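Chemist: Mind having a look at this structure? Questions to follow.
The values are calculated or read from the model by the stated rules, or taken from the named source; none is laboratory data. Worth saying up front: this structure is predicted, and the values here are computed from it rather than measured. All Cβ positions, even for glycine, are placed from backbone atoms using ideal geometry, and neighbour counts span all protein chains on display.
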Amino acid sequence: MTEWRIPLSDVDLDEHEEDAVLRVIRSGWLTAGAEVRAFECEFAKFVGVDDAVALANCTAALHLACMALGVGPGVEVIVPALTFVATANAVAVAGGQVVFADCVSTRDLTLDPEDVARRVTPATGGIICMHYGGHPCRMDALQDVCRREGLFLIEDAAHAPGGRWRERMLGTIGDVGCFSFFGNKNMTMGEGGVAVAADPVLLERLRLLRSHGMTTTSWDRFQGHAHDYDVRQAGFNYRLAELPAAVGREQLRKLPANNARRTALLERYVERLTGAEGVEMPFTSDAGAAHLAVVLLEDAERRDLVRNALRERGIQTSLHYPPAHLFDHYRTASGYAPGDLPVAEEVAARLVTLPLYATMTPEQVDEVCECVAASA
Ligand SMILES: Cc1ncc(COP(=O)(O)O)c(C=O)c1O
């Protein structure tokens, strides 16, 4: 295993999470119960909605959101090309047709509403936007397209818990918002996710789909609140368990302070790298959630040189993201080819993701920046 001196991401876990885990183990109840319910209520309150549905991960949230909003055979859903492939896969596994759209520009890597509008057909059911790096998508323009064309809007807010668009929390603007608590996210429980929706009917559909369409849970029955159950529709086991939920409750408490730390570190990146020869930084505005620090180099060759220079100094980097339309599956299943989404492809060729995590020090940011500026 490589020992990175500065990893790409890191967790902020301490005795609070340890105590939470012990509390669950000592309770003797490990599957969805009081901790999961408390997490749902606390997360809903944090983002300012009435309720939330905790899930095994964000992929499950996206999948159920698609199903609950009627995605199936013959329904097209427009998704960003520059995203983690889960955004697209959720549509495909729900039986829908994935239609990729491009980024706004090399300065704003979120979904381009104008390109989305061009790709709407009579078969389009909706849009999934993704708040890249915690930066809000162009929500006004996306909402306009949805209103005009009668489409649903799902927010993939995997990068964005605590981020805002104007006065609203990201993930609470569209029909369904989906969050991830994977190990590299702004708050983590190892694996976990949550879906929020303002419409109680939609929320109930998500809740049913999460657990085989069953009308009561094992926890309800254990508590004596129910003795049997009916099945209203075919569903999945996408439940979150008590241990990750308990960890998530502690992580949620830390989230505002950790987001503020991430934002300050990202501002330092911007300060240090602005004006550096051959280095561009998309998104210089405050995101609130500050999930990723990304820079664009002149071209793919220069990008690879910078990545190698950083690796030699023990600094881990990544690439968010290889364009999803060029993965073998989407080339074969949907006939995409290089050149189809030119901005996403250019971004993917020139981009490198630099380390960013709440426990990173300002001096570590300086070291990364010096190395980038020297090798760019
Ligand atoms: C943009 C985006 N969407 C969806 C996901 C899927 O989240 P999960 O790993 O919780 O299923 C991720 C996780 O990496 C992501 O970054």
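Chemist: Across the range 210-242, what is the number of residues that are closer than 20 Å to residue 34 by Cα, more than 16 Å from the ligand (Cβ to nearest atom) and of a type in the set (A, V, I, L, M)?
Modeler: 2
Chemist: For the structure I just gave you, tell me whether residue 301 is touching a Pro at 6+ places or on another chain (Cβ under 6 Å), more than 16 Å from the ligand (Cβ to nearest atom) and not in a strand (DSSP E or B).
Modeler: So residue 301 does not fit the description; no.
Chemist: Restricting the range 50-101 to residues that are over 24 Å from residue 198 (Cα atoms), among the hydrophobic types (A, V, I, L, M, F, W, C) and in a loop (DSSP other than H, G, I, E, B), which is farthest from the ligand (Cβ to nearest atom)?
Modeler: Only one residue tops the list, namely 81.
Chemist: Determine the pairs where a residue that is hydrophobic (A, V, I, L, M, F, W, C), located within the range 1-26, has a partner that is at pLDDT 95 or above and surrounded by fewer than 15 Cβ atoms within 10 Å (Cβ to Cβ) with Cβ atoms under 7 Å apart, the partner being 6 or more residues away or on another chain.
Modeler: 4/314; 6/314; 11/183; 24/30
Chemist: Also, I was wondering about something else. Might you check whether a residue that is farther than 19 Å from residue 372 by Cα and outside any loop (DSSP other than H, G, I, E, B) occurs anywhere in the range 285-292?
Modeler: no
Chemist: On the basis of being touching a helix residue (DSSP H, G or I) at 6+ places or on another chain (Cβ under 6 Å), farther than 30 Å from residue 253 by Cα and more than 12 Å from the ligand (Cβ to nearest atom), does residue 113 make the cut?
Modeler: Answer is yes for this residue.
Chemist: Another question about this same structure. Between residues in the range 150-168 that are in contact (Cβ under 8 Å) with a residue 60 or more places away in the chain and more than 23 Å from residue 261 (Cβ to Cβ) and residues that are of a type outside the set (A, V, I, L, M) and within 10 Å of the ligand (Cβ to nearest atom), which pairs lie under 6 Å by C-beta distance while being six or more apart or on different chains?
Modeler: 156/87; 156/178
Chemist: Taking the residues in the range 338-366 that are in a helix (DSSP H, G or I) and touching a strand residue (DSSP E or B) at 6+ places or on another chain (Cβ under 7 Å) as candidates, determine which candidate is farthest from residue 184 (Cα to Cα).
Modeler: 343
Chemist: Can you tell me which residue is surrounded by the fewest Cβ atoms within 10 Å (Cβ to Cβ) among those in the range 272-303 that are charged (D, E, K, R) and within 26 Å of the chain's Cα centre (by Cα)?
Modeler: Only one residue tops the list, namely 286.
Chemist: Continuing with this model, one more query. Can you find a residue in the range 85-102 that is among the aromatic types (Phe, Trp, Tyr) and closer than 30 Å to residue 261 by Cβ?
Modeler: no
Chemist: Can you name the strands (runs of 3 or more DSSP E) wholly within the range 129-208 that have at least 2 residues being acidic (Asp, Glu) and within 15 Å of the ligand (Cβ to nearest atom)?
Modeler: Hits in the range 129-208: 152-156.
Chemist: Return a yes/no flag: does the range 337-353 have any residue that is buried (at least 18 other Cβ atoms within 10 Å of the Cβ), more than 26 Å from residue 119 (Cβ to Cβ) and under 20 Å from the mean Cα position of the chain (by Cα).
Modeler: There is at least one residue in the range 337-353 that is buried (at least 18 other Cβ atoms within 10 Å of the Cβ), more than 26 Å from residue 119 (Cβ to Cβ) and under 20 Å from the mean Cα position of the chain (by Cα).
Chemist: How many of the residues making up the range 199-234 are touching a Lys or Arg at 6+ places or on another chain (Cβ under 7 Å) and surrounded by 16 or more Cβ atoms within 10 Å (Cβ to Cβ)?
Modeler: Residues that pass the stated criteria total 4.
Chemist: While we're here: Could you list, in sequence order, all residues of the range 13-49 that are under 17 Å from the mean Cα position of the chain (by Cα) and either in a loop (DSSP other than H, G, I, E, B) or within 16 Å of the ligand (Cβ to nearest atom) (or both)?
Modeler: 43
Chemist: Six or more apart or on different chains, Cβ atoms under 8 Å: show the pairs whose first residue is in the range 177-192 and closer than 18 Å to residue 85 by Cβ and whose second is among the aromatic types (Phe, Trp, Tyr) and surrounded by fewer than 24 Cβ atoms within 10 Å (Cβ to Cβ).
Modeler: What qualifies is 191/182.
Chemist: A further question on this structure: Residue 239 fails exactly one of the following numbered conditions: (1) part of a helix (DSSP H, G or I); (2) within 22 Å of residue 191 (Cα to Cα). What is the number of that condition?
Modeler: (1)
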